[in-house]
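See below for the structure under consideration.
Read-outs throughout are calculated quantities, based only on the coordinates presented, and are distinct from any laboratory measurement. All values derive from a computational prediction rather than experimental measurement. Here Cβ is always computed from backbone atoms with ideal geometry, including for glycine, and neighbour counts include all displayed protein chains.
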Amino acid sequence: MQALVIVGHGSHLNPGSSTPTFSHADTIRETGVFDEVREAFWKEEPSFREVLRTLESDEVYVVPLFISEGYFTERVIPRELRLEGWDVSAWDSEDGVSATYATSRATDVEKTVHYCGPAGTHDSMSDVIVRRAESITGESDMGAGFGLAIVGHGTERNENSAKAIQYHADRIRESGRFDEVKALFMDEEPEVDDVTEFFESPDVVVVPLFVADGFHTQEDIPEDMGLTDDYRTGYEIPTEVDGQRIWYSGAVGTESLMADVLLERAAEAGADVRGVDDWTQSEPEGVADD
Amino acid sequence: MNAPQLDALVASASDGIEFDGLSVSGNGPYTVGIVGESRAVEEAGLREFAEANPWLVSNWYYWTRVVGTGGARYDFLRWVERADERDVSERYEALSTGVSRSWGQLRITAELGEDGKRRYALRHVDDADNTDLEGYEDPLDARGLVKYDDRGRYRPLSTAPTLPTGWEYPDLSGEDLVRTVDFVYPATVANWHREREGELDVTHFRETAERQSGIYEIVSQLSVEEIEAAAETCCVDSQCLKRRMWDEDEEIDLDVERGDGEFPCREPCSLFITAARKFVTLGREETRRYEFELTPTEKEQVEEIIDAVAEGRTEEIREADMNEGANRYRARYLRARRMTEEGLSGTPTYPEDQEL
Ligand code: SF4
């Protein structure tokens, strides 16, 4: 038997924090390729500490629904799962965006655990960002006149989060899908506040590289960009700011295509995902593959 | 009992069956028996015996073929119908009208389904006699169902005694029952099972604190008195239905009630650690001496307000109950009379700042 565990941050305060984890888990449940699919959280239950014991499978694939390689994915999650002999070098990701997977055992259960790199630094995440841009604009073929801003926290919070943003920005830029592609940040330069200054295109799609919608994506970023003075009153999509149209998408993590990224992570670690309909491994649509 | 069950029994006889009082062995002739009595028969006799004791056969089939023996799910489902306490015929009699048990605030009812299969119903204990409940089938729905309490507030701790009411799963298989319970109270069945097997891996407070990193590293600074106050705050039955099995460390027990819950708490949870972090920062402040002018009733009123908030009672206090210190009008009046810009009774929190 094989199980997939999707691990997310969760929240004691924000009930919506776990929603994307649940919905991607359900998408994968529907494919039927795993005998068990379970969600686990840092701040909700089951905790990382106790999720493995709830499973009957002896092969477990753990995929973090996190954006970057760093404190949580490299330190907290492996520690809490009690992975034997975990060392981040097993991920073989010196640049902070190339994590693979590591296979070991957890000390409290008789199971083989394949601990995968986070969804956020997988190549196919570039496709999810593009898909998000497509779904918010309703254009499957954004060509001339469109710029794309990928937004993240800055380095202050997690040194590797900026790397993930930059990585996908570079990949999508190379693909030529947009006239311009920029990585912007909330708490460092180039700042999302000045989004219109960084683009010449009349239309700019803004996609925050966040797992779930919450305070940052629903309140801070819309207000910072000048979409609204008060997030509670809402804003139009697109909203005109300084003569440019801003298409703000909300957290990329809620995009249903994210489930494919999680599946790819597990498949690369050896999970048997044969039988998933319409699912082809690593076939980016228009994004340069390197 | 149905025909496939009977055939399975005959086919398994040569491996020997010893289950819930039923024993069958041999390869024709067979030895069949019910507790204490046994006799030798040919296949026809074995079938005859089974026809005469259908519940023993369907019971054997359900547990060994449908549920599968061993493991947490099996033990939990057996616990639900009190298999340890009653023999099969007593159980079947009880199951015909339904056997109920509570698990936290869940009420689980086992009933006899077709051909000895069990069917399970799940609802809130307070809804035991409620006939007007919203019905559900899919275990996955339970995640959303228990996310908010009856007052619409988000429930960050699954085992807080605030499980919402008004819903039911009228007909679950054993497997789906256990999944649903695991969505309502994650990992409780697994840990309960470990405890029953004498294998619960408790991680005490000091060890848990040692493991923390980042902003939670400081929780190791709590003194034993502070850990006790924190456990009293978060872990007693009025706040959490798990039975606390962790202490300060292996040697030092906390002088706080563990609770009567059916399922154990094997280590401080994330909510506890988050609270503990706040308690550490609160504990860094030195106490000071303040002077307040209050009437005796006002002093008691302040105490009543603290009590009402701590016990989560504020919602119950009636709108016009002026005799309740924590009544809103009373609190507003106290504020109007005794609070100034400087604070309670005009006493500044930091007098030294005032003098500057
Ligand atoms: S640490 Fe306390 S509050 Fe948390 S689950 Fe255990 S008993 Fe409940």
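Annotations for the structure displayed:
- Separation of the A:Val241 and B:Arg153 label points, Cα + 7 Å toward Cβ, nm: 3.6
- Each residue in B:Leu56, B:Leu294, B:Leu344 was given a count of other beta-carbon atoms within 10 angstrom of its own, and listing them fewest first yields B:Leu294, B:Leu344, B:Leu56.
- Proximal lysines relative to B:Lys278, as straight alpha-carbon distance under 18 Å, when same-chain residues fewer than 8 apart are discounted: A:Lys43
- Shape descriptor for the stretch B:296-355: Rg over Rh equals 1.07 (Cα atoms; Rh from the Kirkwood inverse mean 1/r).
- Cβ crowding within 10 Å averaged over residues, with B:302-308, A:70-76, B:130-136 ranked highest first: A:70-76, B:302-308, B:130-136
- Cβ-based exposure ranking for B:Glu42, B:Glu37, in which fewest neighbours within 10 Å come first: B:Glu37, B:Glu42
- Kirkwood hydrodynamic radius over Cα pairs of the stretch A:136-188, then Stokes diffusion coefficient at 25 °C and 0.890 mPa s, in µm²/s: 208
- Debye, to nearest 20: dipole size of the stretch B:206-346, +1 on Lys, Arg Cβ, -1 on Asp, Glu Cβ: 800
- Comparing mean-square fluctuations of A:Val63, A:Val181, A:Val51 from a GNM of chain A with C-alpha springs under 10 Å, the top value falls on A:Val51.
- Footprinting exposure proxy for B:Met1, B:Met322 (fewest neighbouring C-beta atoms within 10 Å first): B:Met322, B:Met1
- Residue among A:Phe66, B:Tyr216, A:Val181 farthest towards the positive dipole end of the protein assembly as shown, charges placed on Cβ: B:Tyr216
- The charge dipole of the protein assembly as shown, taken about its Cα centre with unit charges on the Cβ atoms of Lys, Arg (+1), Asp and Glu (-1) only, comes to about 1480 debye.
- Annotation for the stretch A:95-118 versus the stretch A:179-216: alpha-carbon center distance of 32 Å.
- Evaluated at q = 0.08, 0.09 Å⁻¹: base-10 log I(q)/I(0), Debye formula over Cα of chain B: -0.60, -0.71
- Where only DSSP H runs of four or more residues are counted, chain B gives -11000 deg cm²/dmol as its mean residue ellipticity at 222 nm, each run worth -39500 (n - 2.57).
- Shielding by partners - mean other protein chain Cβ count within 10 Å, residues of A:43-55: 6
- Look at the alpha carbon pairs under 8 Å that are at least 6 residues apart: their mean separation over the length of the stretch B:168-314 gives a relative contact order of 23 percent.
- Tensor-based shape of the stretch B:170-263 (alpha-carbon gyration tensor, a/c under 1.5 rounded, otherwise prolate or oblate): prolate
- A simple count of charges around A:Asp95, restricted to other residues whose Cβ falls under 11 Å of its Cβ and scoring Lys, Arg +1 and Asp, Glu -1, yields -2.
- When the Cα positions of B:Ala275, B:Ala231, A:Tyr248 are compared along the charge dipole of the protein assembly as shown, B:Ala231 comes out farthest toward the positive end, with charges on each C-beta of Lys, Arg, Asp and Glu.
- Its Cα centre serving as origin, the stretch B:94-190 has a Cβ charge dipole (Lys and Arg +1, Asp and Glu -1) of approximately 480 debye.
- Max mean-square fluctuation residue, GNM over chain B, Cα-Cα springs under 10 Å, options B:Glu286, B:Glu114, B:Glu210: B:Glu286
- Comparing B:Ala160, B:Ala50, B:Ala326 in a Gaussian network model of chain B, where Cα atoms under 10 Å apart are tied by springs, the biggest mean-square fluctuation is seen for B:Ala326.
- With contacts taken as Cα pairs under 8 Å at a separation of at least 6 residues, chain A carries a relative contact order of 20 percent.
- Each principal axis of the Cα atoms in the protein assembly as shown has its own extent, and those three values, largest first, are 96, 76, 49 angstrom.
- Farthest toward positive dipole pole in the stretch B:71-196 [+1 Lys/Arg, -1 Asp/Glu at C-beta], among B:Trp167, B:Ser89, B:Pro156: B:Pro156
- Debye-formula intensities of chain A, expressed as log10 I(q)/I(0) at q = 0.10, 0.13, 0.15 Å⁻¹, are -0.51, -0.86, -1.11 (one equal scatterer per alpha-carbon, no solvent).
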